[in-house]
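Derivation of every value follows stated rules applied to the coordinates shown; laboratory data play no part. Keep in mind that this is a model prediction, so the values were computed, not measured. Don't worry about glycine lacking a Cβ; one is built from the backbone with ideal geometry, like all the others, and counts go over all protein chains shown.
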Amino acid sequence: QKHGKNGWKLPPGPLALPIIGNLHELGNLPRRNLQKLAKKYGPVMSIRLGTMPAIVISSPEAASLILKTHDTSFASRPRLQASEYVTFGSKGLAFAEYGPYWRNIRKLSTLHLLSASKTESFVWLRKEEIGSLVQLLKLAAAGEVVDISEKVGEVVENIATTMILGRSKDDDRYHFKEIADEVLKIAGAFNLADYVPFIGVLDLQGLSRRLKKASKQIDQILEKIIAEHELDSTNDQHRDFVDVLLLLKNKPLNPQDEHVYMIDQTNIKAILIDLISAAFDTSATAVEWTISELVRNARVMEKLQEEVQSVVGMERMVEEKDLGELTYLNMVVKESFRLRPIGPLLVPRECREDITIEGYWIPKKSRIIVNTWAIGHDQNVWSNNVEEFYPERFMARDIDVLGHDFDLLPFESGRRMCPGVQLGLTTVRLILAQLVHCFDLELHPNETHPKEIDMTEVFGLSVTRANHLLLKPVYRLLK
Ligand code: HEM
């Protein structure tokens with residue numbers, strides 16, 4: 001259907017095939033193919049994903065219309081098979097339908113886990129975990145090649161699991177990383193079950209099978225964790241987020257709501273796995289891509305090391321309180337988000353009502369895809385050196401990453417904006433500053449030139465490195 005009420009038309013877009021719509025045009029790198037199509041059809045483009053209408057947004061102005069001017073109309077999420085399986089019927093936070101349940105869960109996760117003051121209260125944890133990473137690399141610094149991706153992944157995992165789940169008695173950190181990676185890969189795939197339900201049941205991509213397996217594993221681990229917490233409920237000195245949720249179990253989330261929501265064991269598991277998956281991959285991936293770019297761009301690496309050295313000196317490690325003074329580091333992180341956004345197509349939203357924007361009709365239930373990668377690679381928004389890793393471009397442009405500037409949206413903007421932004425930014429900046437300050441990161445002996453570093457990507461809800469980043473750390477502090 002091309003027309004809405006009063007003859008309003010859908011935004012322009014490519015012709016859609018029967019049944020599959022435009023799914024065949026997405027290819028292995030959907031963000032690039034969608035960018036090419038948007039160059040032809042415009043920044044508000046209409047496509048069909050199987051039987052579902054979708055709107056692709058590819059300019060800062062159009063993103064501002066969707067995420068700011070009409071934010072409430074676009075603040076829901078589609079029901080994806082991945083979130084149905086993994087978060088027990090989308091009962092978590094990230095894929096919950098817009099409404100009072102989502103609002104309450106978001107509020108309580110922010111209050112008890114993600115607010116600026118909560119993030120601040122875990123300074124000791126980041127110091128301990130990143131400190132252990134430095135010690136480990138120092139031991140290897142005699143010339144060994146280190147799997148930086150794995151080590152950074154472990155640090156981020158330990159920080160997130162300790163904040164959310166507390167410390168396990170036997171120090172078994174539950175090994176969520178692989179499961180979280182798998183879940184995000186599947187959630188980001190264009191799953192036929194979500195778009196052409198009658199073909200989806202055949203599970204031609206094998207995604208349903210993988211989801212069932214992951215969901216079973218997640219369930220078993222979370223049941224174990226919750227049981228451990230219930231046994232240990234007398235100890236209220238070290239209350240973690242699971243304890244907070246257990247205290248709220250089977251009680252009304254907000255007695256003033258018209259429909260009063262309670263959280264039971266299933267809701268608790270859904271909220272936990274949602275937060276764990278959202279926290280892991282994102283921060284670790286941001287660190288990996290930024291280090292990869294720094295090693296490829298020796299000039300930027302040197303300038304960053306000089307900045308940290310001038311603020312911190314060579315006698316000690318970086319402290320979290322130093323971060324505010326590291327302005328070049330901030331530019332480096334922003335440039336990394338621009339060039340290699342962690343979520344290039346962000347997390348899909350769903351339109352809650354029929355609406356007309358800029359004279360175009362957007363039908364209720366349309367998927368909204370914001371192509372932040374296309375915005376970051378648009379020469380009209382930046383300049384003609386968009387492919388270059390050039391942090392200095394932020395010297396002349398006072399752009400923040402907190403959703404006020406639609407040119408750069410790593411955490412998106414509006415009601416569904418990432419609530420983990422403080423935690424994510426602090427963790428990413430601190431790990432980066434510490435690694436480049438304590439070590440010179442040299443190439444793997446098989447790579448003779450920095451530009452040879454393999455930068456192959458795997459597409460998912462977040463875009464990760466296909467192969468681990470292997471480097472040789474050489475300790476450089478005086479102590
Ligand atoms: C560098 C790190 C991170 C990046 C780049 C990032 C990015 C994003 C993006 C793009 C979204 C989609 C927002 C939208 O659709 O409007 C999102 C949502 C979300 N993020 Fe993050 N994130 C990061 C770290 C974290 C951390 C550490 C947490 C902590 C648990 C977290 C929790 C969430 C949650 C719960 C949502 C869903 C919010 C909702 O639907 O209401 N993120 N994130």
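Tally Lys/Arg at +1 and Asp/Glu at -1 over every other residue whose Cβ is under 9 Å from the Cβ of Phe280; what's the total?
Values: positive: Lys177; negative: Glu157, Asp181, Asp281.
Charge balance near Phe280 sits at -2.
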Here, GluC sites (Glu not before Pro) of segment 325-354 satisfying both criteria (DSSP loop; at most 13 other Cβ within 10 Å) are Glu353
What helix-only [θ] at 222 nm does the chain give? Using -39500 (n - 2.57) per DSSP H run of at least 4, over all residues, to the nearest 500, the answer is -14000 deg cm²/dmol
So the FRET efficiency between Ile199 and Lys224, C-beta based with R0 = 51 Å and rounded to 0.05, is 0.90
For the chain, the charge dipole (Cβ of Lys, Arg +1; Cβ of Asp, Glu -1; about the Cα centre) points to a positive end, and the Cα of Ala38, Leu133, Leu248 closest to that extreme belongs to Ala38
If each part is reduced to its alpha-carbon centroid, segment 418-457 and segment 396-414 end up apart, in Å, by 22
Ranked from fewest to most other Cβ atoms within 10 Å of their own Cβ, Arg209, Arg239 fall in the order Arg209, Arg239
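Within segment 25-118, report the GluC sites (Glu not before Pro) that DSSP leaves as loop and that have at most 15 other Cβ atoms within 10 Å.
In loop regions of segment 25-118 (DSSP not H, G, I, E or B), the sparsely surrounded GluC sites (Glu not before Pro) are Glu97.
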Any lysines whose Cα falls less than 16 Å from that of Lys479, other than same-chain ones fewer than 8 residues away, would be Lys138
For Lys118, the lysines lying under 20 Å Cα to Cα, once residues fewer than eight places off in the same chain are dropped, come out as Lys107, Lys127, Lys321
Filtered hits (aspartates and glutamates, Cα-Cα < 17 Å from Lys472, offset >= 8 within chain) -> Glu144, Asp147, Glu150, Glu288, Glu293, Glu302, Asp440, Glu442, Glu447, Glu452, Asp454
In the chain, helical segments from DSSP H whose Cα atoms cover 20 Å or more along their own axis and that average at least -0.5 on the Kyte-Doolittle scale are 123-140, 148-165, 265-296, 298-312, 421-438
Beyond 22 Å (Cα-Cα) in this structure, taken from Lys91/Lys365; Lys91/Lys334; Lys36/Lys334; Lys213/Lys364, we find Lys91/Lys334; Lys36/Lys334; Lys213/Lys364
